[in-house]
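Some notes on the structure that comes next.
The values are calculated or read from the model by the stated rules, or taken from the named source; none is laboratory data. All of these numbers come straight from a predicted model, not from anything done at the bench. Every residue, glycine among them, receives a Cβ derived from its backbone with ideal geometry; neighbour counts consider all protein chains shown. Remember, those area values only see protein heavy atoms, side chains included, never the ligands or the DNA or RNA. Shrake-Rupley method; radii C 1.70, N 1.55, O 1.52, S 1.80 Å.
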Amino acid sequence: MNGSEFKCYGKEMIDYIEGYLENIGERRVTPNIEPGYLKKLLPEEAPLHPEKWEDIMKDIETKIMPGVTHWQHPRFHAYFPSGNSYPSILADMLGAGIGCIGFSWAASPACTELETIVLDWFGKAIGLPTQFLSSTENSRGGGVLQTSASECILVAMLAARAQAIKRLKQQHPHVEEGVLLSKLIGYCSREAHSSVEKDAMISFVKLRILEPDDNASLDAKNLRLAMEEDESNGLVPFFVSSTLGTTSSCSFDNIKEIGEVVQEFPGVWLHVDAAYAGNAFICPELKYLLEGIEYADSFNTNPNKFLLTNFDCSCMWVRDRYKLTSALVVDPLYLQHGYSDSTIDYRHWGVPLSRRFRSLKLWFVFRCYGVSGLQAYIRHHIKLAKIFETFVKGDSRFELCNKVVLGLVCFRLRGSDKLNEKLLSNINESGKLHMVPASQKERYFIRFCVVAQHATESDIEYAWKVITDFASDILDSAKADKELLDEVHDLSLRKKKDLAYKRSFFVRMVSDPKIYNPSIAVSTTRRMMADVPTENDLTVQSPSSPSWISWPLAFLFQSKTDEKPGSSNVPIRFRHLDTRVRLKAGSKTNGGGRSPTPDGDCVGSPRRSPNSGNESTDFQRKSPNSGNECSNRN
């Protein structure tokens with residue numbers, strides 16, 4: 001394709017995109033196809049000779065579009081918004097056309113400097129403390145664009161891990177870093193995004209997943225108790241992930257209370273994930289939700305969700321960029337340049353080396369809409385959600401399941417989970433609307449989110465009519481044929497169970513004492529607490545609500561054949577699967593050393609002196625293969 005052809009076909013593509021977005025409401029919101037549909041329509045091998053552009057564009061409509069879920073559709077109400085706008089699309093086109101790889105300032109100065117500037121713009125608009133901004137005099141903080149909130153949390157966790165190991169190494173210079181790593185443990189609520197657990201697995205650290213309070217928020221009191229308990233058991237708290245605007249119900253953690261708890265544990269990193277809700281803080285009336293942010297070490301939000309910017313564009317700010325970059329610096333000669341000491345090189349701020357010119361999108365959006373235009377857009381979405389909330393409250397057959405703060409409304413039919421599953425299934429299968437479910441405290445509900453950029457009150461009225469029509473049909477049929485409804489539900493459960501067992505055993509490994517054996521869990525905790533010396537006669541309590549601890553890849557290191565006589569099996573439950581496995585307590589690796597079982601080595605808290613003389617609270621200075629065993633700490 002030459003320049004003149006690009007000009008011609010480029011205009012054609014612009015026309016196609018404009019027509020697609022302006023007429024998207026005429027399409028079915030979700031595809032009506034089965035897995036493998038595209039394989040039947042495309043050849044098995046790539047074409048040997050060039051094909052005509054006209055033929056490629058025809059295949060877009062006949063082959064690709066039938067399999068597309070239309071996220072910009074006015075009837076799409078699943079998940080959070082997938083931000084989009086014409087200025088953002090044009091900026092993405094320009095970035096692709098420039099084609100620079102902005103891993104360092106020297107690689108493309110404008111790419112780096114614009115990113116720094118727009119992150120400061122956005123940070124000021126949100127109301128972040130000046131310590132998070134690059135432009136503040138003598139500031140150590142700053143912002144960076146990542147691909148997703150998952151990567152923001154991962155990078156924060158890696159930085160926290162590096163700082164924790166550095167601190168522990170200074171206190172215990174003779175202990176290997178691998179042993180120190182095995183003692184690190186982070187914390188989050190069960191309502192935190194699943195990426196926190198995945199990031200803990202990638203970082204090879206333990207993660208304690210705490211039950212939320214009645215408001216679906218991380219309970220600061222339980223957090224303190226969990227951290228104290230883990231310290232007394234030889235683990236080292238190093239990271240807490242809190243959430244503003246959870247995925248399930250858009251609930252908000254109390255950052256101020258959590259921050260005050262974290263301050264009691266020096267060196268613990270507090271991250272605030274506000275992927276969806278954080279964008280809304282540009283509205284003055286919503287800034288109260290950010291109270292306590294001064295305690296945070298890092299913060300992220302995604303303009304590609306709620307700020308008219310297309311994916312990918314996740315903003316992350318840190319209080320101390322040097323703590324972040326020290327965990328990620330790899331500096332070969334061919335990437336160095338003469339201005340390294342006076343400029344920012346964003347390759348040190350994240351996982352990938354290569355970086356696109358993403359800041360153009362934010363720059364275009366801020367300039368085309370202005371802060372006032374973005375505020376109006378967010379307020380409009382909130383207004384529409386409040387209208388839907390009114391509909392739910394006005395129909396006695398339904399009940400509200402969350403506090404509606406932004407654009408998400410959670411609701412359900414009064415009745416069984418089976419009834420609500422059937423309702424959602426019928427609606428989604430019809431193609432008239434698309435919503436997704438969630439649950440809290442084993443209670444199933446349906447999420448309705450205002451997503452489309454140009455959503456109107458008539459869209460909300462249409463959605464409610466569809467929902468109530470299907471609800472009426474289901475309630476009528478349920479009365480007439482309750483047995484049929486049960487049969488459909490049981491079939492669905494069997495399908496889910498089959499899919500769960502097909503997934504890898506090593507995806508998520510989380511112990512759940514409440515489920516596998518409450519009596520053993522309680523007696524073990526009491527025995528463990530009785531053996532642990534306390535400081536200043538302080539009694540360490542367990543959290544008042546259940547929690548899960550993720551043991552990364554522990555199953556991989558268990559030997560099924562080398563088991564001590566009389567050893568007990570330790571059941572481990574996968575939090576997200578209906579699956580259980582049994583780990584061999586006290587088994588050894590093929591190398592003859594101790595297996596990294598959940599209880600780990602008997603190691604003390606860094607807040608106690610390593611010279612205390614108490615073997616149960618002192619880092620072991622013996623070889624990993626010494627064979628010393630520790631009591632089970634599940």
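The residues of the range 72-88 that are assigned to a helix (DSSP H, G or I) and either closer than 27 Å to Leu38 by Cα or open to solvent by 50 Å² or more (accessible area, probe 1.4 Å) (or both) amount to a single one, Tyr86. Selection of first residues in the range 167-194 that are within 30 Å of Asn254 (Cα to Cα) and of second residues that are open to solvent by 40 Å² or more (accessible area, probe 1.4 Å), restricted to Cβ pairs under 7 Å at least 6 apart or on distinct chains, gives the following pairs, ordered by first then second residue: Arg167/Gly267; Leu181/Phe204; Ser182/Pro596; Leu184/Arg161; His193/Thr247. Within the range 89-123, restricting attention to residues that are over 23 Å from Val318 (Cβ atoms) and touching a Leu at 6+ places or on another chain (Cβ under 7 Å), the residue that is surrounded by the fewest Cβ atoms within 10 Å (Cβ to Cβ) is Leu94.
Of the residues making up the range 182-215, just one is aromatic (Phe, Trp, Tyr) and either more than 15 Å from Phe238 (Cα to Cα) or under 15 Å from the mean Cα position of the chain (by Cα) (or both), namely Tyr187.
The residue pairs whose first member lies in the range 128-139 and is surrounded by fewer than 19 Cβ atoms within 10 Å (Cβ to Cβ), whose second member is of a type outside the set (Gly, Ala, Ser) and outside any helix (DSSP H, G or I), and whose beta carbons are closer than 7 Å, counting only pairs six or more residues apart or on different chains, are Thr130/Thr136; Gln131/Arg319; Ser139/Leu133. Being farther than 30 Å from Leu210 by Cβ and in contact with a helix residue (DSSP H, G or I) (Cβ under 8 Å, 6 or more places away or on another chain) is a condition met by at least one residue of the range 434-447.
Listed by first and then second residue, the pairs with beta-carbon distance under 6 Å, at least 6 apart or on different chains, first residue in the range 340-361 and within 12 Å of Val329 (Cβ to Cβ) and free of Cβ contacts under 8 Å to residues at least 12 places away in the same chain, second of a type outside the set (A, V, I, L, M, F, W, C) and crowded, with 22+ Cβ neighbours inside 10 Å, form an empty list. Among the residues of the range 274-300, just one is open to solvent by 10 Å² or more (accessible area, probe 1.4 Å) and under 17 Å from the mean Cα position of the chain (by Cα), namely Ala275. Being surrounded by fewer than 20 Cβ atoms within 10 Å (Cβ to Cβ), touching a residue at least 60 places away in the same chain (Cβ under 8 Å), not in a helix (DSSP H, G or I) and not charged (D, E, K, R): is that true of Thr69 here? Answer is yes for this residue. The set of residues from the range 266-281 being out of contact with any helix residue (DSSP H, G or I) (no Cβ under 6 Å at 6 or more places or on another chain) and part of a loop (DSSP other than H, G, I, E, B) comprises Pro266, Ala274.
Residues in the range 196-215 that are open to solvent by 10 Å² or more (accessible area, probe 1.4 Å) and either farther than 18 Å from Glu151 by Cβ or of a type outside the set (A, V, I, L, M, F, W, C) (or both): Lys198, Lys206, Arg208, Glu211, Pro212, Asp213, Asp214, Asn215. Cβ-Cβ contacts under 6 Å between residues 6 or more apart (or on different chains), taken from a first residue in the range 251-270 that is under 18 Å from Ala162 (Cα atoms) to a second residue that is aromatic (Phe, Trp, Tyr) and open to solvent by 10 Å² or more (accessible area, probe 1.4 Å), are listed as Leu270/Tyr295.
List every residue pair whose Cβ atoms sit under 6 Å apart, with the two residues 6 or more apart in sequence or on different chains, where the first one lies in the range 29-54 and is farther than 19 Å from Glu429 by Cβ and the second, anywhere, is open to solvent by less than 100 Å² (accessible area, probe 1.4 Å) and basic (Lys, Arg). So the pair list comes out as Leu41/Lys63. If you go through the range 163-181 and pick out every residue that is under 24 Å from the mean Cα position of the chain (by Cα) and surrounded by 20 or more Cβ atoms within 10 Å (Cβ to Cβ), you end up with 2. For the range 332-349, the set of residues classified as surrounded by 11 or more Cβ atoms within 10 Å (Cβ to Cβ) and part of a loop (DSSP other than H, G, I, E, B) consists of Gln336, His337, Tyr339, Ser340, Thr343, Ile344, Asp345, Trp349, listed by residue number. Residues that are buried (at least 20 other Cβ atoms within 10 Å of the Cβ), touching a Phe, Trp or Tyr at 6+ places or on another chain (Cβ under 8 Å) and small (Gly, Ala, Ser) were ranked within the range 439-470; the one that is nearest to Glu421 (Cα to Cα) is Ala463.
Check the range 403-414 and report whether any residue there is assigned to a strand (DSSP E or B) and charged (D, E, K, R). Yes: one or more hits. Residue under question is Gly394, and the condition is that it be among the small types (Gly, Ala, Ser), touching a Cys at 6+ places or on another chain (Cβ under 6 Å) and more than 19 Å from Thr112 (Cα to Cα); does it hold? No: the conditions fail for Gly394. Can you tell me how many residues within the range 24-60 are in a loop (DSSP other than H, G, I, E, B) and open to solvent by 60 Å² or more (accessible area, probe 1.4 Å)? The qualifying residues number 18.
Among residues belonging to the range 363-415 that are open to solvent by less than 60 Å² (accessible area, probe 1.4 Å) and polar (S, T, N, Q), point out the one that is modelled with the lowest pLDDT. Among residues in the range 363-415 that are open to solvent by less than 60 Å² (accessible area, probe 1.4 Å) and polar (S, T, N, Q), the one modelled with the lowest pLDDT is Asn402.
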